[in-house]
Amino acid sequence: MNLKFMMFVRTAFVLLMLGFMTTALSGQEVSFRPPAVPLVTFDPYLSIWSEADHLTDKNTVHWTHHEQALVSLIRIDGKTYRLMGADPKDILALPQLSLKVLPTRSIYEFENAEVHVTLTFMTTALPHDLDAFSRPLSYITWDVRSVDGKSHKVSIYSSTSSELVVNTPNEMVKWEKLKMGALTALRVGTQAQPILGSSGDDHRIDWGYAYAAALSSESKSAIGANQTLLEDFSQKGDIPLTVDPLMPRAVDDRTPVLAFVFHLGEVGTKTLERQIMVAYDEIYAIKYFGTPLRPYWHRNGATPSSLLQTASKEYASLLNRCEKFDRDLMADMTKMGGEQYAQICAAAYRESIAACGLAADANGQPLFFTKENTSNGDIATVDVIYPMDPIWIFLSPTLAKATLVSVLDYAASPHWKFPNAPHDLGTYPIVTGRDDGGEGMPVEESGNMILLCDAIAHADGNANFVTTWWTQLTQWAEYLKNYGLDPENQLCTDDFMGHLAHNANLSVKAILALAAYGDLCKMRGDNVDAERYTQLAKVDAAHWMKVASDGDHYKLAFDKANTWSQEYNLVWDNILHLNIFPSSVAQKEIAFYKTVMQPYGLPLDSRTHLTKTDWSIWTATMANNIDFKFFISRIYDYLDHTTVRDPIADSYMTDNIHSGGMHARPVVGGFFIKMLTDSVMWHKWASGDKMKNLKWAPLPKFPFPPKVVSVVSTKCDWNYTINQPAKNWMSPAFPITKWQKGVAGFGTLEGSHTKWNTSDIWINRTFTMPNETYKNLQFYVFHDEDVAIYVNGVFASKATNYNTTYEPLKISPIALKLLKPGARITIAAHCHQTEGGQFIDIGLVNVVNE
């Protein structure tokens, strides 16, 4: 048998096995095909995924499904293949053998008859080292070796698209090549740089800068048009060492990319490695009650240059640490819940992290903010923190605390005037508070906060963390004592199901929160209140068992016979050793749930076949190990086979493999709740967090609303059109003679002077600036919904979603320079509306105490 035939047989066999196996972490593992694969992930803005079985099936995307292309080609002995991305379509893909998703790494294996390639995406999400955890970058590493005993000439191409830095592809971007020590760094960002200037759910960052960096000694680099560079490499095996001078330009105009080429030379059986880092500097991460907060990694003056150079130098040690973390965590999750459970949690790990932003407060302490992805984009939503935090209570109590501090501080401020806990603090990445009470979930959020604080106390071995906010916890406990046992008609965390009175599961939460408050009292040395609240919870539990009983299970609501729901809040009774409900309650529920199980999981309640993946795992955690694995197997089957290629969905229909729902959300961190049921295991991991006695800064003093002095009035005459104008509509020279005239505001809401009820409106107004100077000149805008504003044709600001009154909006530095005393100014704006009421009006104000 000759060598060529042997290699053909070997390759054919490997490809045949592709459908049946995945390379094992250690020993034999079951194969798992996650719906989407985390590639470059850090927070809601740097979150790039592959939503396909093979890395070459589709182009990579942001979690919002907007393309953010990472491309890799490999050239072997003069023939080019695709490793990542679906383009160029006329180039064959190198056969992919396997995929393995671990907590910090996604590992792809490729092979043909000549070479084997391992392509690894690693994010240093090490929870016991917040310096590494907070680095906004991922490593992309190629390991190449020959498999046929011969040497092969190999080159690798990698590009990172400018799509990473825009919300919409018509935004203008600029780029440059930088030298950073031993690294070459390529940088791209928008021309406008509207830092923290917009918020919302289906929204991508358009401020700060994306970087791609590699060792100068191993690489060649260029910045240019995507298609041009792809053709250069695929046809010639190289790229020109140029930086495209045609800038700024829009991303959708010959999409600029940051490109590297690695010429490996002759590759034999010895593995050769090359690497790039993809990073993002947001400059500011969160607007916190009017104060911009730096990303946590930035807190001690770190710069993109120092970040990338340090990350490059530390790669070898970080790889070893990530490998150990992945190996140890996978082993313990397998021990606790089985292989399927471990693989689900591994796929959820970076997803949960990438739905949160990590900032530093004025004292340099961590503040960890959830974003309510695929919902409404809220920031620091308590009933999102609640299902997420088991991952951090288990792995990093510091991060769990960092999710709660902002909520606790706000609740303790004069701005919060309600007896219950807040629901959320604004819309990511802008924290404003909800002085009007916001979305009402009074029992839900009050119970959530107390239970999480008690869980943190168990992780710490003391209740010191809650001391500052003990008044608030006491107030919430009293609220639950009065209103929690039989909740009035209100929302709970499952708000998509609507209001519900006498909610049995919500009542369980209130009862256990009272017991948890008693537990905190005991840790604080207050045995009298500890006993009082414990006994109150036990009395309430006994009453609950009577009024919720419905034969072989318990009801959805006390007044609704022949109903049922997942009583997932019961899980805390065992984890926190509260012992309020007899174990027979959970046993009865688990036995019943098995009778209503659907092909892909347990429905949320008797009203629907919809489930919540996080709550289903909480419910499963109340079962014995055999039943736990049964519950998990249905979820695993859904994730392994669903045709909806999203990051793990936390809602879907349990009888429909083609259904999907909310995804890419922090709440998948709740999958780790099983790990809290073994106190020894919990302590082993939580004790790795060495950050103790942190001194968080007090809440910034924030006037709300800010005090403003009018400079250019609102409610004035404008020119407007509802018909799409030509591309240069924002220019002062643009002819508007055919536009209509009207008085602002335009819209349908109360206070509208000119009716506007179409999807879009363009408005234009020319005036002379007053002959005065202003220290803090800003727009004064009432918008519903998205608005983009220009000054003399220059982009000045934008805001997404909507507000409910006039609010200041920062002006870009370029546009601000045009607003000089006595200058002739044209303001042009476009407002886009999707549903509901609508409104637009714009003025100028001097903000005197923001």
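Here region 65-78 is the region considered, the condition is being buried (at least 17 other Cβ atoms within 10 Å of the Cβ) and out of contact with any helix residue (DSSP H, G or I) (no Cβ under 8 Å at 6 or more places or on another chain), and the residue that is farthest from Lys150 (Cα to Cα) is Leu70. Number of residues in region 269-292 that are among the hydroxyl-bearing types (Ser, Thr, Tyr) and more than 12 Å from Thr432 (Cα to Cα): the value is 4.
Of the candidates Tyr81, Tyr157, the single residue that is open to solvent by 10 Å² or more (accessible area, probe 1.4 Å), in contact with a Leu (Cβ under 8 Å, 6 or more places away or on another chain) and among the aromatic types (Phe, Trp, Tyr) is Tyr81. All of Leu130, Leu126 fail the test of being of a type outside the set (S, T, N, Q), in contact with a Pro (Cβ under 7 Å, 6 or more places away or on another chain) and over 28 Å from Leu94 (Cβ atoms), apart from Leu130. Selection of region 491-538 for residues being among the basic types (Lys, Arg), farther than 23 Å from Thr381 by Cα and in a helix (DSSP H, G or I) yields Lys522, Arg532, Lys538. You will find that of Lys538, Lys546, Lys555, the residue that is touching a residue at least 12 places away in the same chain (Cβ under 8 Å), of a type in the set (D, E, K, R) and open to solvent by 70 Å² or more (accessible area, probe 1.4 Å) is Lys538 and no other. Counting residues in region 126-143 that are over 30 Å from Pro44 (Cβ atoms) and part of a loop (DSSP other than H, G, I, E, B) gives zero. Selection of region 701-723 for residues being in a loop (DSSP other than H, G, I, E, B) and modelled with pLDDT under 95 yields Lys701, Phe702, Pro703, Phe704, Pro705, Pro706, Lys707. Among the residues of region 424-446, which ones are farther than 17 Å from Ser406 by Cα and either β-branched (Val, Ile, Thr) or in a helix (DSSP H, G or I) (or both)? Pro442, Val443, Glu444 - these are the residues of region 424-446 that are farther than 17 Å from Ser406 by Cα and either β-branched (Val, Ile, Thr) or in a helix (DSSP H, G or I) (or both). Yes or no: region 358-380 includes at least one residue that is modelled with pLDDT of 95 or more, under 14 Å from the mean Cα position of the chain (by Cα), in a helix (DSSP H, G or I) and crowded, with 24+ Cβ neighbours inside 10 Å. Checking region 358-380: not a single residue is modelled with pLDDT of 95 or more, under 14 Å from the mean Cα position of the chain (by Cα), in a helix (DSSP H, G or I) and crowded, with 24+ Cβ neighbours inside 10 Å. Is one or more of the residues making up region 264-287 over 30 Å from Asp424 (Cβ atoms), of a type outside the set (Lys, Arg), out of contact with any helix residue (DSSP H, G or I) (no Cβ under 7 Å at 6 or more places or on another chain) and free of Cβ contacts under 8 Å to residues at least 24 places away in the same chain? The answer is no; no qualifying residue exists. Name the residues in region 48-102 that are of a type in the set (Lys, Arg) and not in a loop (DSSP other than H, G, I, E, B), would you? Correct list: Arg75, Lys79, Arg82, Lys100.
Of Ile632, Ile657, Ile617, all but one fail to be within 25 Å of Trp49 (Cα to Cα), outside any helix (DSSP H, G or I) and either at pLDDT below 95 or in contact with a helix residue (DSSP H, G or I) (Cβ under 6 Å, 6 or more places away or on another chain) (or both); the exception is Ile657. Among the conditions (1) modelled with pLDDT of 95 or more; (2) closer than 25 Å to Ala799 by Cβ; (3) not small (Gly, Ala, Ser), Asp383 misses just one, which is (2). How many residues are aliphatic (A, V, I, L, M) and open to solvent by less than 10 Å² (accessible area, probe 1.4 Å) if we restrict to region 617-674? So the count comes out to 11. For Ile722, work out the one condition from (1) within 21 Å of Lys629 (Cα to Cα); (2) among the β-branched types (Val, Ile, Thr); (3) open to solvent by 40 Å² or more (accessible area, probe 1.4 Å) it doesn't fulfil. Failed condition: (1).
Yes/no per residue for (1) in contact with a helix residue (DSSP H, G or I) (Cβ under 7 Å, 6 or more places away or on another chain); (2) part of a strand (DSSP E or B):
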site	(1), (2)
Trp762	no, yes
Thr766	no, yes
Pro770	no, no
Tyr774	no, no
Ala796	yes, yes
Pro808	no, yes
Leu819	no, no
Glu835	no, no
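In region 513-534, of all residues being acidic (Asp, Glu) and over 14 Å from Trp572 (Cβ atoms), the one that is surrounded by the fewest Cβ atoms within 10 Å (Cβ to Cβ) corresponds to Glu531. Taking residues in region 750-776 that are free of Cβ contacts under 8 Å to residues at least 12 places away in the same chain, and partners anywhere that are β-branched (Val, Ile, Thr), the pairs with Cβ atoms closer than 8 Å and at least 6 places apart or on different chains are Lys755/Thr748.
Considering the conditions (1) under 18 Å from Val407 (Cα atoms); (2) touching a His at 6+ places or on another chain (Cβ under 9 Å); (3) surrounded by fewer than 23 Cβ atoms within 10 Å (Cβ to Cβ); (4) not hydrophobic (A, V, I, L, M, F, W, C), Asn489 is excluded by exactly one of them, (1).
Being assigned to a loop (DSSP other than H, G, I, E, B) and either touching a strand residue (DSSP E or B) at 6+ places or on another chain (Cβ under 6 Å) or free of Cβ contacts under 8 Å to residues at least 40 places away in the same chain (or both) is the requirement here; does Asp253 meet it? Criteria met by Asp253. Checked against the criterion of being more than 30 Å from the chain's Cα centre (by Cα), surrounded by fewer than 15 Cβ atoms within 10 Å (Cβ to Cβ) and of a type in the set (S, T, N, Q), the candidates Asn693, Asn757 yield just one match: Asn757. Scanning region 206-250 for residues that are polar (S, T, N, Q) and either within 30 Å of Glu314 (Cα to Cα) or under 34 Å from the mean Cα position of the chain (by Cα) (or both), we see that the one that is surrounded by the most Cβ atoms within 10 Å (Cβ to Cβ) is Ser221.
Looking only at residues that are of a type in the set (Lys, Arg) and out of contact with any strand residue (DSSP E or B) (no Cβ under 9 Å at 6 or more places or on another chain) in region 664-700, which one is nearest to Thr432 (Cα to Cα)? My answer is Lys695.
Considering only residues in region 602-616 that are touching a Phe, Trp or Tyr at 6+ places or on another chain (Cβ under 6 Å) and free of Cβ contacts under 8 Å to residues at least 60 places away in the same chain, the one that is most open to solvent (accessible area, probe 1.4 Å) turns out to be Ser606. With respect to Leu367, is the statement that it is of a type outside the set (S, T, N, Q) and either touching a His at 6+ places or on another chain (Cβ under 9 Å) or closer than 30 Å to Thr800 by Cβ (or both) true? In short, yes.
Can you find even one residue in region 384-406 that is in a strand (DSSP E or B), aliphatic (A, V, I, L, M) and more than 26 Å from Asp646 (Cα to Cα)? For region 384-406, residues in a strand (DSSP E or B), aliphatic (A, V, I, L, M) and more than 26 Å from Asp646 (Cα to Cα): absent.
The values are calculated or read from the model by the stated rules, or taken from the named source; none is laboratory data. It should be emphasised that the depicted structure is a prediction, and the values quoted were computed from it without experimental measurement. Note that we place each Cβ from the backbone using ideal geometry, even for glycine, and neighbour counts take in every protein chain shown. Quick note on the areas: whole protein, heavy atoms, side chains included, nothing else; ligands and nucleic acids left out. Shrake-Rupley method; radii C 1.70, N 1.55, O 1.52, S 1.80 Å.
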